[in-house]
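Report on the following structure.
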Amino acid sequence: MSEQTVALVTGANKGIGYEIAAGLGALGWSVGVGARDAGRGEAATARLRAAGVEAFTVPLDVTDDGSVTAAVELIDARAGRLDVLVNNAGIAGGLPQEPTVVDPATIRAVVETNVIGVVRVTNAMLPLLRRSAAPRIVNLSSAVGSLTRQSEPGAMTGPISAAYAPSKTFLNAVTVQYAKELGDTDILVNAACPGYCATDLNGFRGVRTPAQGAAVAVRLATLPDGGPSGAFFDDDGELPW
Ligand SMILES: NC(=O)c1ccc[n+]([C@@H]2O[C@H](COP(=O)([O-])OP(=O)(O)OC[C@H]3O[C@@H](n4cnc5c(N)ncnc54)[C@H](OP(=O)(O)O)[C@@H]3O)[C@@H](O)[C@H]2O)c1
């Protein structure tokens, strides 16, 4: 088995996920570029390889059991283990999302990708992660999922939402539960908020670059042994739940 660190980033064909893949690749890691559309994945992999990253495409739709199983098989055949999983894939879900008018189908779709997708991918990848000497799991969350922040009068917490923001609250809760269950292993599981970045997700209205947003995920992917687990971070430090 190679000494080179092996990572998988879901939804890495564009936006913050692409920049996380670039950041991990710059460390000399082998990076699986998760993409639900194989063509978009190949295009991103080609760009990363042109920039010197040892990237490989992993066709992966986080809502599809068969796709996830095939991704596990691909990484197993190529590397025999997984050191770092970055659960980055996510959707905003479209409008309206105000609780009084939201279509339940919108909530269901957002939770299926942003929460259940993370559980599906994480559990499928766990056997490969358990073969690593220093496994790390990073879940891309958002400060809009912080109930503490949402409860602060006048806080900048994004649009009122019964789908996207609560999906990140749910993801935070799931992150804590994983950290508890895996607390007696060397697997560190944390949530990251990239800040408000200009990507497709928000019509490029964000004020940070995707590369700036990627930095916190790269930091949590490279935590030393004994580092924090079951916590929520942005660039400035720990965030409240
Ligand atoms: N941008 C922000 O300001 C911001 C702030 C806080 C948190 N976040 C979080 O950061 C993460 C990345 O978001 P982003 O802003 O970079 O958004 P983005 O540019 O829209 O990228 C989202 C990525 O997820 C992929 N994806 C969506 N559904 C998928 C599925 N079912 N299976 C596999 N991949 C799927 C997309 O693939 P396609 O290209 O095929 O659609 C794309 O690669 C998300 O979890 C988001 O919630 C973003």
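Once the cut-off is 21 Å, how many percent of the Cα-Cα pairs in segment 65-220 end up in the long-distance tail?
Tail of the P(r) past 21 Å holds 49 percent of the pairs.
Quick one: net charge of residue 189's neighbours, Cβ under 12 Å, K/R +1, D/E -1? Please report the intermediate quantities before stating the final value.
Numbers: positive: 136, 180; negative: 181, 186.
Once positives and negatives cancel, what remains is 0.
Could you work out the relative contact order of the chain? I mean the mean sequence separation of Cα pairs under 8 Å and 6+ apart, divided by the number of residues, in percent.
RCO, the chain: 19 percent.
With a point put 7 Å past each Cα toward its Cβ, work out how far residue 184 is from residue 3 in nm, to one decimal.
3.3 nm
Take the Cα radius of gyration of segment 1-151 and divide it by 2.2 N^0.38 Å, with N its residue count; two decimals is plenty. Provide the component values of the computation, followed by the final result.
Numbers: Rg = 16.0 Å, N = 151, 2.2 N^0.38 = 14.8 Å.
Cα-based Rg divided by the globular estimate yields 1.08.
Dipole magnitude of segment 2-127 about its Cα centre, charges +1 at Lys/Arg Cβ and -1 at Asp/Glu Cβ only, in debye to the nearest 20?
In total the dipole reaches around 220 debye.
Using each residue's phi in segment 124-130, evaluate 6.51 cos²θ - 1.76 cosθ + 1.60 at θ = phi - 60° and report the 3J(HN,Hα) Karplus result to the nearest Hz, with x for Gly and Pro.
So the Karplus estimates, Gly and Pro as x, are 5, 7, 4, x, 6, 5, 5 Hz.
May I ask you to rank 180, 168, 14 by accessible area, largest first, using a 1.4 Å probe over the protein chains only? Don't skip to the answer; put the middle values down first.
Details: 180 140, 168 10, 14 105 Å².
Reading off the accessible areas and sorting them downward yields 180, 14, 168.
For residue 119, what charge total do you get from the other residues with a beta carbon under 13 Å from its beta carbon, if Lys and Arg give +1 and Asp and Glu give -1?
Residues near residue 119 contribute -2 overall.
If you take the alpha carbon radius of gyration of segment 1-50 and divide it by 2.2 N^0.38 Å, what ratio comes out, to two decimals?
1.05
Amide H neighbours of residue 231 under 5 Å, counting only residues 5+ apart in sequence or on other chains, H built in-plane at 1.01 Å?
191
Alpha carbon centre of segment 49-70 versus segment 1-20: separation in Å?
Value for the Cα centre distance between the two parts: 9 Å.
Per residue of segment 61-70, in order, report the coupling 6.51 cos²θ - 1.76 cosθ + 1.60 (Karplus, θ = phi - 60°) as ³J(HN,Hα) in whole Hz, putting x for Gly and Pro.
For segment 61-70, the Karplus-derived couplings read 9, 5, 9, 10, 4, x, 5, 5, 4, 5 Hz, x marking Gly and Pro.
For residue 204 and residue 133 in the same chain, what is the full-extension length gain: residue separation times 0.36 nm, less their Cα-Cα distance, in nm?
21.7 nm
Give me the log10 of I(q) over I(0) for segment 101-147 at q = 0.18, 0.23 Å⁻¹, as the Debye formula computes it from C-alpha points; what are the numbers?
Once normalised to I(0) and log-transformed, intensities are -0.71, -0.92.
Classify segment 165-223: rounded, prolate or oblate, from the alpha-carbon gyration tensor (a ≥ b ≥ c, eigenvalue square roots; a/c under 1.5 rounded; otherwise prolate if a/b is larger than b/c)?
oblate
So what is the accessible area of the chain per residue, in Å², with the probe set to 1.4 Å?
Per-residue accessible area for the chain comes out at 45 Å².
Just how many % of Cα pairs in segment 192-241 lie over 14 Å apart, if you round to the nearest whole percent?
So the pairs more than 14 Å apart make up 53 percent of the total in segment 192-241.
Checking a compactness column here: for segment 137-191, what do you get for Rg(Cα) / (2.2 N^0.38 Å), N being the number of residues?
1.28
Got a number for the accessible area of residue 196? Probe 1.4 Å, square angstrom, nearest 10.
110 Å²
Quick one: net charge around residue 76, please, counting Lys, Arg +1 and Asp, Glu -1 for every other residue with C-beta under 15 Å from its C-beta.
+2
At a probe size of 1.4 Å, how large is the accessible area of residue 238, to the nearest 10 Å²?
Roll a 1.4 Å probe over it and residue 238 shows about 130 Å².
The values are calculated or read from the model by the stated rules, or taken from the named source; none is laboratory data. Keep in mind the model is a prediction, meaning the values are calculated, not measured. No Cβ is skipped: glycine too gets one built from the backbone with ideal geometry, and neighbour counts run over all protein chains shown. What goes into the accessible areas is simple: the full protein's heavy atoms, side chains included, and nothing from ligands, DNA or RNA. Shrake-Rupley method; radii C 1.70, N 1.55, O 1.52, S 1.80 Å.
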